[in-house]
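J.: Sharing a structure below in structure tokens format, with a few things to ask.
The values are calculated or read from the model by the stated rules, or taken from the named source; none is laboratory data. All of these numbers come straight from a predicted model, not from anything done at the bench. With ideal geometry, Cβ positions are generated from the backbone for all residues, glycine too; neighbour counts draw on all protein chains shown.
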Amino acid sequence: MKRVRAEILSTRTLGAYRSLTLVAPELAERARPGQFVAVAMPTDRDFILRRHLTIHQSSRRGGWAGTLEFVVDPAAGPGTAWLSELGAHEFLDVIGPLGKPFAYPKRLTNCLLVGEGRSVAGLYFLAQELIARGKRVDMVIGASTLEAVFKPIEAKRLSQLVTVMTDDGTLGERGSIVDVLPEAVERCGAEVVYAAGRPAVLRAVAALCRTRKLPAQVAVEERMGCGYGLCGTCAVPVARKDGTGWDHARACIDGPVFNPARVLWDRWPAAAASAGLPAPDGPA
Amino acid sequence: MLATPVMIAAGCAGTGRELGGLVDLRRVGGTVTRTITVEPRQGAAPPRIAESSSGIVWRTGMQNPGIDAFIATELPTWVKAGPQLVVSIGGGTLEAFVRLTGALQGQPGVHGIEIDLSGADEELERPMLGAHADRVAEIVGAVARMSLVPVFAKVPGGVDVVPIAIAAAKAGASGLTLTGSPPAFVVDASTANPAFASGAGWLSGPALKPMTLRAIVDTARALPRMPLLASGGIATAADAIDALLAGATAVQVGVAAMIDPTAPVTIAKGIAAELKRRSLLSPMQLRGVIRLPEATAE
């Protein structure tokens with residue numbers, strides 16, 4: 001974990017989102033998929049907390065060496081709206097890389113990556129690292145509408161089979177990514193599942209992986225205060241390893257990547273408040 | 001005696017391990033732990049935080065491992081990290097506070113105890129211990145009599161501060177932390193629900209600063225010799241100096257340390273620079289020098 005003053009190298013619009021690439025060699029060389037950065041807000045505004053943004057790209061080699069990219073949804077709130085207005089050569093106060101990254105499978109090869117909306121950003125970084133390790137990558141991505149599907153062409157480039165789902169059917173099939181999960185798992189011969197998104201989606205992934213006995217890792221999105229373990233506000237209910245009970249783990253330093261089999265989805269209100277998702281079959 | 005008049009407020013310094021790479025806790029005047037209770041607490045269901053104008057509304061529900069596990073596992077980490085450590089203790093009964101103080105008695109590395117009075121009173125079935133002078137006197141008195149280290153009573157936010165402060169001072173508190181977070185609420189209009197799972201929460205952050213200054217001014221007038229720690233909305237050296245001028249002895253930094261882990265050190269440096277500019281030797285020379293009209297009460 002480092003704190004740096006990083007210059008914005010470039011920005012671009014990607015559908016409904018805005019991507020910012022920073023010059024941050026100290027962060028880029030350490031960053032791994034699933035991790036995030038905490039970006040400070042300007043001191044003269046009334047939104048004060050750092051914004052916690054999943055790392056979309058981190059380049060250690062080549063012409064982009066030492067850069068780090070993250071994606072914001074300008075509509076998400078005043079902080080991300082402010083970030084999306086910034087241009088090249090402005091500076092940001094950034095702490096990172098933060099959190100526990102995704103682990104790569106040692107023996108298993110077929111990896112299915114599942115995500116929706118902006119959450120997909122971190123999965124592309126993961127896909128590259130998996131491919132570099134000789135794994136097969138398939139994806140199921142989705143969003144509310146075409147504009148909100150994050151880089152579908154990049155998904156096609158990175159994976160063998162891609163399923164795109166939108167709520168309104170403007171891109172790919174109409175429906176939720178949760179609807180097509182069982183079929184996608186079959187079709188890809190998935191041996192490992194990675195997912196990122198809202199708790200309700202992750203819960204559905206967890207339920208499926210539990211019935212199919214598939215190992216899985218999920219990256220949670222929980223509102224954070226600090227991002228590095230001080231405040232204890234980003235709680236996720238997780239079973240203890242020794243089976244003696246459960247604790248509220250901190251998404252920022254105990255996660256954001258969790259083993260979904262250990263998450264107590266019934267104790268997580270956001271996972272229960274599913275938005276149009278089918279009820280998962282029992283606690284995962 | 002603190003090296004600098006800047007502390008990290010309760011609940012904003014993790015478990016002693018997290019700030020490692022970002023700030024040297026030995027350069028901070030003191031660090032208050034999150035509130036520790038007798039039994040472990042799972043805390044409130046997530047989400048636990050929402051932003052408001054120049055503030056945050058939060059509710060962690062006093063999540064902590066309980067005093068035994070704290071002493072066995074967290075305290076050694078704190079001692080290693082090296083701050084002047086103040087342990088915040090909380091509970092709902094007089095017995096809980098007595099047991100907590102007893103357990104901390106003689107523990108190496110514990111330099112002080114801060115009494116969190118924001119909890120519900122389980123014995124008298126009142127919503128908040130710290131809203132009633134009789135209970136504050138009882139609890140603070142018991143802790144102060146037992147403790148071998150200085151005892152600070154943290155007056156909750158949103159209560160009539162001065163009577164509570166006087167009760168705590170008379171009961172033997174070494175100092176007062178003014179104030180805790182006042183109760184707050186955030187609505188999520190999109191779902192017509194509270195913005196977090198547990199419903200109501202507490203307000204922290206820069207939005208509180210004027211309320212903190214008022215609590216300091218009024219209490220300093222009523223208890224001129226009592227050490228007062230200003231807590232709530234102190235984010236910059238200028239804020240800290242305002243608090244000292246209003247009558248605080250030292251400040252506690254909370255949300256500002258969550259946003260910028262070096263904030264307590266930056267504030268301490270800023271105070272030192274201001275003292276130099278004014279050719280003063282100690283922050284105590286700034287304390288309460290504002291000239292007040294006869295009464296601030298309306």
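J.: Step by step: first the residues of the stretch A:253-273, then only those that are more than 22 Å from A:Leu214 (Cβ to Cβ) and not in a helix (DSSP H, G or I), then the one that is farthest from the other protein chains (Cβ to nearest Cβ). Which residue is that?
T.: Checking each candidate, the answer is A:Asp254.
J.: Based on this model, can you work out whether B:Val57 counts as surrounded by 20 or more Cβ atoms within 10 Å (Cβ to Cβ) and either touching an Asp or Glu at 6+ places or on another chain (Cβ under 7 Å) or at positive phi (or both)?
T.: In short, no.
J.: B:Ile267 - would you say it is modelled with pLDDT of 95 or more, over 30 Å from B:Ala167 (Cα atoms) and either assigned to a loop (DSSP other than H, G, I, E, B) or touching a strand residue (DSSP E or B) at 6+ places or on another chain (Cβ under 9 Å) (or both)?
T.: Answer is yes for this residue.
Listed here are the residues, each with its yes/no results for (1) within 13 Å of A:Ile141 (Cβ to Cβ); (2) in contact with a His (Cβ under 8 Å, 6 or more places away or on another chain); (3) surrounded by 24 or more Cβ atoms within 10 Å (Cβ to Cβ); (4) among the β-branched types (Val, Ile, Thr).
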{"site": "A:Lys151", "(1), (2), (3), (4)": "yes, no, no, no"}
{"site": "A:Arg198", "(1), (2), (3), (4)": "no, no, no, no"}
{"site": "A:Val218", "(1), (2), (3), (4)": "no, no, yes, yes"}
{"site": "A:Thr233", "(1), (2), (3), (4)": "no, no, yes, yes"}
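J.: Which is of a type outside the set (Ser, Thr, Tyr), touching a residue at least 24 places away in the same chain (Cβ under 8 Å), surrounded by 20 or more Cβ atoms within 10 Å (Cβ to Cβ) and farther than 11 Å from B:Val6 by Cα, of B:Ile216, B:Ile234?
T.: B:Ile216 is the lone residue from the list that is of a type outside the set (Ser, Thr, Tyr), touching a residue at least 24 places away in the same chain (Cβ under 8 Å), surrounded by 20 or more Cβ atoms within 10 Å (Cβ to Cβ) and farther than 11 Å from B:Val6 by Cα.
J.: Moving to a separate point now. Scan (1) within 13 Å of chain B (Cβ to nearest Cβ); (2) modelled with pLDDT of 95 or more for the single condition A:Cys226 breaks and write down its number.
T.: Answer for A:Cys226: the failing condition is (2).
J.: Which count do you get for residues in the stretch B:27-60 that are assigned to a loop (DSSP other than H, G, I, E, B) and either within 9 Å of another protein chain (Cβ to nearest Cβ) or more than 20 Å from the chain's Cα centre (by Cα) (or both)?
T.: Selection size over the stretch B:27-60: 14.
J.: Restricting the first residue to the stretch B:42-66 and requiring it to be in contact (Cβ under 8 Å) with a residue 24 or more places away in the chain and within 11 Å of B:Ala197 (Cβ to Cβ), which pairs with a second residue that is acidic (Asp, Glu) and surrounded by 21 or more Cβ atoms within 10 Å (Cβ to Cβ) meet a Cβ separation below 9 Å and a spacing of at least six or different chains?
T.: B:Pro46/A:Glu222; B:Pro47/A:Glu222; B:Arg48/A:Glu222
J.: Checking B:Ala220 against (1) over 14 Å from B:Ser53 (Cα atoms); (2) assigned to a strand (DSSP E or B): exactly one of these is not met. Which one?
T.: Result: B:Ala220 fails condition (2) only.
J.: Turning to a different aspect of this structure: Is it the case that B:Gly91 is within 25 Å of B:Leu213 (Cα to Cα), in contact with a Ser or Thr (Cβ under 8 Å, 6 or more places away or on another chain) and part of a loop (DSSP other than H, G, I, E, B)?
T.: For B:Gly91, the condition - within 25 Å of B:Leu213 (Cα to Cα), in contact with a Ser or Thr (Cβ under 8 Å, 6 or more places away or on another chain) and part of a loop (DSSP other than H, G, I, E, B) - is not met.
J.: Only one of A:Gly79, A:Gly63 is small (Gly, Ala, Ser), buried (at least 18 other Cβ atoms within 10 Å of the Cβ) and part of a helix (DSSP H, G or I). Can you tell me which?
T.: A:Gly79 is the lone residue from the list that is small (Gly, Ala, Ser), buried (at least 18 other Cβ atoms within 10 Å of the Cβ) and part of a helix (DSSP H, G or I).
J.: Limited to the stretch B:17-26, what total is found for residues that are within 12 Å of chain A (Cβ to nearest Cβ) and either among the acidic types (Asp, Glu) or assigned to a strand (DSSP E or B) (or both)?
T.: Summing the residues that are within 12 Å of chain A (Cβ to nearest Cβ) and either among the acidic types (Asp, Glu) or assigned to a strand (DSSP E or B) (or both) in the stretch B:17-26 gives 1.
J.: I've got another one for you. Can you tell me which residue within the stretch A:166-196, out of those that are within 19 Å of A:Gly34 (Cβ to Cβ) and buried (at least 24 other Cβ atoms within 10 Å of the Cβ), is farthest from the chain's Cα centre (by Cα)?
T.: A:Ala190
J.: Now, a different point. Kindly evaluate A:Glu222 against the criterion of being surrounded by 20 or more Cβ atoms within 10 Å (Cβ to Cβ) and in contact (Cβ under 8 Å) with a residue 24 or more places away in the chain.
T.: yes
J.: Within 11 Å of another protein chain (Cβ to nearest Cβ), of a type in the set (Gly, Ala, Ser) and more than 30 Å from A:Pro237 (Cα to Cα): which single residue out of B:Ala197, B:Ala207 fits that description?
T.: Step by step, each of B:Ala197, B:Ala207 is checked, and only B:Ala207 is within 11 Å of another protein chain (Cβ to nearest Cβ), of a type in the set (Gly, Ala, Ser) and more than 30 Å from A:Pro237 (Cα to Cα).
J.: Out of the residues in the stretch A:235-252 that are under 19 Å from the mean Cα position of the chain (by Cα) and facing chain B (nearest Cβ under 7 Å), state the one that is surrounded by the fewest Cβ atoms within 10 Å (Cβ to Cβ).
T.: Checked the stretch A:235-252; the qualifying residue surrounded by the fewest Cβ atoms within 10 Å (Cβ to Cβ) is A:Val236.
J.: Would you tally the residues in the stretch B:61-73 being aromatic (Phe, Trp, Tyr) and not in a helix (DSSP H, G or I)?
T.: The qualifying residues number 0.
J.: Being touching a residue at least 12 places away in the same chain (Cβ under 8 Å), in contact with a Cys (Cβ under 9 Å, 6 or more places away or on another chain) and within 30 Å of B:Ser54 (Cβ to Cβ): is that true of A:Leu92 here?
T.: So A:Leu92 does not fit the description; no.
J.: Taking the condition of a type in the set (Asp, Glu) and either buried (at least 17 other Cβ atoms within 10 Å of the Cβ) or in contact with a helix residue (DSSP H, G or I) (Cβ under 7 Å, 6 or more places away or on another chain) (or both), does B:Asp188 pass?
T.: Considered against the rule, which asks whether it is of a type in the set (Asp, Glu) and either buried (at least 17 other Cβ atoms within 10 Å of the Cβ) or in contact with a helix residue (DSSP H, G or I) (Cβ under 7 Å, 6 or more places away or on another chain) (or both), B:Asp188 comes out as no.
J.: Going through the stretch A:38-57 one residue at a time, which ones are closer than 27 Å to B:Gly205 by Cβ and either away from chain B (no Cβ under 14 Å) or surrounded by fewer than 17 Cβ atoms within 10 Å (Cβ to Cβ) (or both)?
T.: Within the stretch A:38-57, A:Pro42, A:Thr43, A:Asp44, A:Arg45, A:Asp46, A:Leu53, A:Thr54 qualify.
J.: Only residues that are assigned to a loop (DSSP other than H, G, I, E, B) and either under 15 Å from B:Ile56 (Cα atoms) or within 12 Å of chain A (Cβ to nearest Cβ) (or both): list them for the stretch B:171-194, please.
T.: B:Gly180, B:Ser181, B:Pro182, B:Phe185, B:Val186, B:Ser190, B:Thr191
J.: While we're on this one: Hey, among the residues in the stretch A:84-114 that are more than 14 Å from every other protein chain (Cβ to nearest Cβ), part of a strand (DSSP E or B) and touching a Phe, Trp or Tyr at 6+ places or on another chain (Cβ under 8 Å), which one's surrounded by the most Cβ atoms within 10 Å (Cβ to Cβ)?
T.: For the stretch A:84-114, the residue satisfying everything is A:Val114.
J.: Kindly indicate which of B:Ala197, B:Ala168, B:Ala207 is touching a residue at least 60 places away in the same chain (Cβ under 8 Å), in a helix (DSSP H, G or I) and either closer than 16 Å to B:Leu229 by Cα or not basic (Lys, Arg) (or both).
T.: Answer to the selection: B:Ala207.
J.: Give the number of residues within the stretch B:1-13 that are in a loop (DSSP other than H, G, I, E, B) and either aliphatic (A, V, I, L, M) or modelled with pLDDT under 90 (or both).
T.: 7
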